[in-house]
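Engineer: First, the structure itself, so that you have it in front of you.
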Amino acid sequence: MREWIVAGNWKMHNTIQESIALAKAIKDGIASVKKGEVIIAPPYTALASVSETIKGSRVSLAAQNMFYEDKGAYTGEIAPGMLKDIGCAYVLIGHSERRKYYHEQDNDVNLKVKKALSVGLKPIMCVGETDEERVKGITRDVVGRQVKQGLAGVDKIDNVVIAYEPVWAIGTGKVATSAQAQEVHAFIRGILKDLYGSAANDIRILYGGSVTKDNIGELIGMEDIDGALVGGASLKPDGFLGIIQKISEKK
């Protein structure tokens, strides 16, 4: 049985004090949850403070992005070693907002995934199609390319998490139906099996896109959906903890 994950991506929200308060509420709120994995990804400015807040708890720390070089003249970038040093266990890579606003390509994602793994960070690699691509019927082409190119040259998949986030569902209030989500999750797992054989059965694939405590129940019941990457609903303790509770009851 794959261990479920709920990861909260706080994006460009929360001051340091707001982040500390939210992290503490989540840490205290999952004290009675004995299984699964909870991850939070605050903005860079709050990583150190949140790392101290959750130290010794079952909450893991993630960064929202990283660069693929160890050091150098890359103004504004953050090296993977810096994230390890501050206490990060995970890092989001290839989020659709990075692809859209900062023009990250599959090759950039691939370089970041390989660099993260090389320093002991676990990448959460995001993939997903736009509304236009879904309407055109090329979801599998797009997602398949993103998975294959993102993992090119990655020999061991053990520490990689995949997050399927249909771009048309991120921050829009639209949510893929459980059948739509399961279809793409199963497709992704099929690609992983082609690439990595039976090891693919142990890889966690998360669903993301306007996830709330009200819609996660049906989604998490699907065979290949192993958790959620949560955006807006992760910014309030009640919403995030509600999602965790629903998943822990079903998985």
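Engineer: Are there any pairs with C-beta distances below 8 angstrom linking a residue in the stretch 50-62 that is touching a residue at least 60 places away in the same chain (Cβ under 8 Å) to a residue that is surrounded by fewer than 19 Cβ atoms within 10 Å (Cβ to Cβ) and not in a strand (DSSP E or B), with the two at least 6 apart or on different chains, and if so which?
Structural biologist: 62/89
Engineer: Keeping to the stretch 134-150, report how many residues are closer than 14 Å to residue 200 by Cβ and either of a type in the set (A, V, I, L, M) or part of a strand (DSSP E or B) (or both).
Structural biologist: Total meeting the criteria: 1.
Engineer: Here is a further query. Would it be correct to say that residue 69 is acidic (Asp, Glu), in contact (Cβ under 8 Å) with a residue 12 or more places away in the chain, within 30 Å of residue 250 (Cβ to Cβ) and touching a helix residue (DSSP H, G or I) at 6+ places or on another chain (Cβ under 8 Å)? Break it down into steps so the answer makes sense when it comes.
Structural biologist: Numbers: acidic (Asp, Glu): yes; in contact (Cβ under 8 Å) with a residue 12 or more places away in the chain: yes; within 30 Å of residue 250 (Cβ to Cβ): no; touching a helix residue (DSSP H, G or I) at 6+ places or on another chain (Cβ under 8 Å): yes.
No: the conditions fail for residue 69.
Engineer: Right, next: Listed residues 77, 18; which is modelled with pLDDT of 95 or more, out of contact with any Leu (no Cβ under 7 Å at 6 or more places or on another chain) and closer than 23 Å to residue 96 by Cβ? If you could, list the steps in order and put the result at the bottom.
Structural biologist: Details: 18 fails: closer than 23 Å to residue 96 by Cβ.
Of the residues listed, the single one that is modelled with pLDDT of 95 or more, out of contact with any Leu (no Cβ under 7 Å at 6 or more places or on another chain) and closer than 23 Å to residue 96 by Cβ is 77.
Engineer: Among the residues of the stretch 28-35, are any at pLDDT 95 or above, surrounded by fewer than 16 Cβ atoms within 10 Å (Cβ to Cβ) and within 25 Å of residue 233 (Cβ to Cβ)?
Structural biologist: Yes, some residue in the stretch 28-35 is at pLDDT 95 or above, surrounded by fewer than 16 Cβ atoms within 10 Å (Cβ to Cβ) and within 25 Å of residue 233 (Cβ to Cβ).
Engineer: Of the conditions (1) in contact with a Ser or Thr (Cβ under 8 Å, 6 or more places away or on another chain); (2) touching a residue at least 40 places away in the same chain (Cβ under 8 Å); (3) of a type outside the set (Gly, Ala, Ser), residue 157 fails just one. Which one is it?
Structural biologist: (1)
Engineer: In the stretch 81-117, which residue that is of a type outside the set (Asp, Glu) and without any contact (Cβ under 8 Å) to a residue 24 or more places away in the chain is nearest to residue 54 (Cα to Cα)? Walk me through how you get there before you give the answer.
Structural biologist: Step one: list which residues in the stretch 81-117 are of a type outside the set (Asp, Glu), which gives 81-84, 86-96, 98-103, 105, 107, 109-117.
Those still in the list that are without any contact (Cβ under 8 Å) to a residue 24 or more places away in the chain too: 82, 99, 101-103, 105.
Details: 82: 18, 99: 30, 101: 31, 102: 31, 103: 33, 105: 33 Å.
Ranking the candidates gives 82 first.
Engineer: Specify the residue that is surrounded by the most Cβ atoms within 10 Å (Cβ to Cβ); the eligible residues are those in the stretch 168-209 that are without any contact (Cβ under 8 Å) to a residue 24 or more places away in the chain and charged (D, E, K, R).
Structural biologist: If we take residues in the stretch 168-209 being without any contact (Cβ under 8 Å) to a residue 24 or more places away in the chain and charged (D, E, K, R), then 183 is surrounded by the most Cβ atoms within 10 Å (Cβ to Cβ).
The values are calculated or read from the model by the stated rules, or taken from the named source; none is laboratory data. Keep in mind the model is a prediction, meaning the values are calculated, not measured. Using ideal geometry, Cβ is built from the backbone for each residue, glycine included, and neighbour counts are taken over all protein chains shown.
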